[in-house]
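Let me begin by presenting the structure, written as structure tokens, before commenting on it.
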Amino acid sequence: MNYVPINGLRMLAVESGILFAAFVIAYISLRFLHPAMDRPRWLAWILSSNLRSVLLVMAVALAGRALLLPVVGIPSPRINDEYSYLLMADTFSHHRLTNPTPPAWQHFETFHVNLTPTYHSKYPVSQGLVLAVGEIVFHQPWIGVYLSTALLCGAICWCLQAFVPPGWALLGGLLAVVRIALLSYWMNSYWGGAMAALGGALALGAVVRLFQPGLTNRRRSAVACVFAVSLLILATSRPYEGLAFSLPLLVYFGYKGTRATIRREVWFRSTVLPVLAIGLAGMALVGYYNQRTTSNPLLLPHLLNERTYSPLPLFLWQRAKPALTFHDPVFAKFFKVTEEEFGYEKTKSISGLISVERSRFLSDWFFYVGPALSFPVLLGFLASVRQLRMWIAGSAALAMALALALCIYTMPHYAAPTTVVVYLFAVEGLRYLWQQRHAGERAFVLAVCLTVVVSSLTRQTGSTAMNAVFTFRDARKWVAQQLETQPGKQLVLVSYDLQRHYPGNELVHNGADFNSEKILWARSKGEDNDRELCQAYSDRTFWSVNTDDVNVSLTPLDLCKHR
């Protein structure tokens, strides 16, 4: 499956055309109509406070997406990953870290979920926590996505304030709002991205601020706490990529902290101690979570899931695993499709590997940068090569890019920690152009901003990252609608036409508390094997669903009456 939109070339042409038209309009306006503009008083008031700018960016993100609710609405989950994150949120909203393995658990196996030794999502906890906040406080898990994405945009503005003047930092935050907080799949699905990007923005902004002259010890301790919390967010959202992004920041932190301590500019207790204390506490909590879910404090749920289900290695230097035996043939097809879609066989040759790396680089560049921001990002990088702080940002992004290049498969949100670096270099490039004080350069700056707005609003508006290609019928939703009016509790046994079924279009997903679920979804394993469900779930009415992703049939079963 290609996660770059099918019409990517058309989108490239459209965005390039918008950029050219916007440049012409902006140039004419600046050259002939109004070459100089005074800053409005309200804008000057906002820019006089860093906090006001950050709050404005967050408010625009919240208000902008709220205004789109009548058009886009609240997204419905479709992807296996989304259901796994929602399982985690449901677990946390029941005030527990994991769930007991359900009876006859082989019937309830699904993707990205562990059923043994406990029943839980394989993913790190950050995204599940924000979804749980939405579920507990607002009775809608998507509100957690809504709030965390707005917080990300504010964090990008806050981080940029450590590098560029306030007005340009505000511009960077608003560009992030348009590209991320309105129609991006980060806002419009449950798949994640915003939390890892939030951790990256806070980490970069904090580590640069830590050693600025003039900070009081109290202020420095507060920034150190932000740095430590940001590292914890990275560790609990994208552990591998977050570690790669954090390493250059930690090297800079250690180097500057050591020098400052020797010179008695910064005391140990005001910087290193808060980072160590929060870091150790976070590691202990992660270990406790691992112990509760996998029964091993050093074993992440994700690694347990990989060992149990995935025949594919995680990294290029690893060999393929021995053939696994699955309880259901759908799993075998899922990993076969995954292998084909991500080009695993290509990675075994130099030319194929180059093709895979080029494809994923273009996919990430298209998502994070796009045509409008390409020139400003490159110019910003070149214009800031002599600035140490920019080297810190660039090295963090490079470290994470190298880490991703070593993986067998990646997706755009894997690179989320480096999001803030894109806007940092983009704003630096736009700022450099604006300082040239010619109508052409300033027109280009305005054209880029306008193009980002227009092209972002013309992107696909589906509820998930697969909006351009995932066009299968939502059979799960249709079946649920049919059974909602049925009295009592239901159990649906699902069978697929394996020749036609796409395994990403999975129906078997359940919540955390089986007893309270009106509808349970299970895999049919043949009539004889299905009867083992009767004893554990005797209070439910059984149904059979057969689907080939286009046609769906729902029929009642008398399974337990003929024991």
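Accessible area ranking (1.4 Å probe, heavy atoms, ligands and nucleic acids excluded), largest first, for Arg269, Arg540: Arg269, Arg540. When the alpha carbon coordinates of the range 66-108 are projected onto the principal axes, the ranges are 44, 24, 13 Å, largest first.
The accessible area of Trp434, taken with all protein chains in place and a 1.4 Å probe, comes to roughly 70 Å². Calculated FRET efficiency, Lys321 to Arg41, Cβ-Cβ distance, R0 = 51 Å: about 0.20 to the nearest 0.05. Can you pull the percent of Cα pairs in the range 100-225 with separation above 25 Å? Tail of the P(r) past 25 Å holds 43 percent of the pairs. Exceedance of the 22 Å cut-off in Cα-Cα distance is limited, within the set Lys477/Lys518; Lys333/Lys525; Lys122/Lys333; Lys122/Lys489; Lys321/Lys346; Lys122/Lys336, to Lys122/Lys489. Computed from Cα atoms, the angle from the helix 329-341 axis to the main principal axis of the chain rounds to 30 degrees. Rounded to whole Å, the principal axis extents of the Cα atoms in the chain read 84, 57, 51, largest first.
One chain, two ends: Gln499 and Phe138. Fully extended at 0.36 nm per residue, the span grows by 125.8 nm beyond their Cα-Cα distance.
Computed on the Cα trace of the range 318-376, the radius of gyration divided by the Kirkwood hydrodynamic radius gives Rg/Rh = 1.16. For the range 247-401, the convex hull drawn through the C-alpha positions has a volume of 192 cubic angstrom per residue.
Over the chain, dividing the summed -39,500 (n - 2.57) contributions of all DSSP H runs of at least 4 residues by the number of residues returns a 222 nm mean residue ellipticity of -18500 deg cm²/dmol.
In the range 267-349, the alpha-carbon atoms span a convex hull of 149 Å³ per residue.
Using only the alpha-carbon atoms, how far is helix 8-28 inclined from the longest principal axis of the chain? Give it as 0 to 90 degrees, nearest 10. It is inclined by approximately 30 degrees.
Size descriptors for the range 192-287, from the alpha-carbon set: Rg then Dmax equal 13.0, 43 Å. Farthest towards the positive end of the charge dipole of the chain, among the residues Leu373, Phe361, Ser148, is the Cα of Leu373, using unit charges on the Cβ of Lys, Arg, Asp and Glu. In percent, what relative contact order does the range 96-159 have, based on Cα pairs under 8 Å that are 6 or more apart in sequence? Averaging sequence separation for qualifying contacts and normalising by length gives 19 percent for the range 96-159.
For the chain, the solvent-accessible area works out to 46 Å² per residue, with a probe of 1.4 Å and every protein chain left in place. A simple count of charges around Ala512, restricted to other residues whose Cβ falls under 12 Å of its Cβ and scoring Lys, Arg +1 and Asp, Glu -1, yields -3. Taking Cα centre as origin and charging only the Cβ of basic (Lys, Arg, +1) and acidic (Asp, Glu, -1) residues, the dipole magnitude of the chain rounds to 2180 debye.
The heavy atoms of Leu382 offer some 120 square angstrom of accessible surface to a 1.4 angstrom probe.
When the solvent-accessible area of the chain is split by element, carbon and sulfur atoms take up 63 percent of it, the probe being 1.4 Å.
Normalised by the number of residues in the chain, the mean separation of alpha-carbon contacts (under 8 Å, six or more apart) gives a relative contact order of 21 percent.
The values are calculated or read from the model by the stated rules, or taken from the named source; none is laboratory data. Source: prediction; values computed, not measured. Every residue, glycine among them, receives a Cβ derived from its backbone with ideal geometry; neighbour counts consider all protein chains shown. In case anyone asks, the SASA skips ligands and DNA or RNA and just uses the protein heavy atoms, side chains included. Shrake-Rupley method; radii C 1.70, N 1.55, O 1.52, S 1.80 Å.
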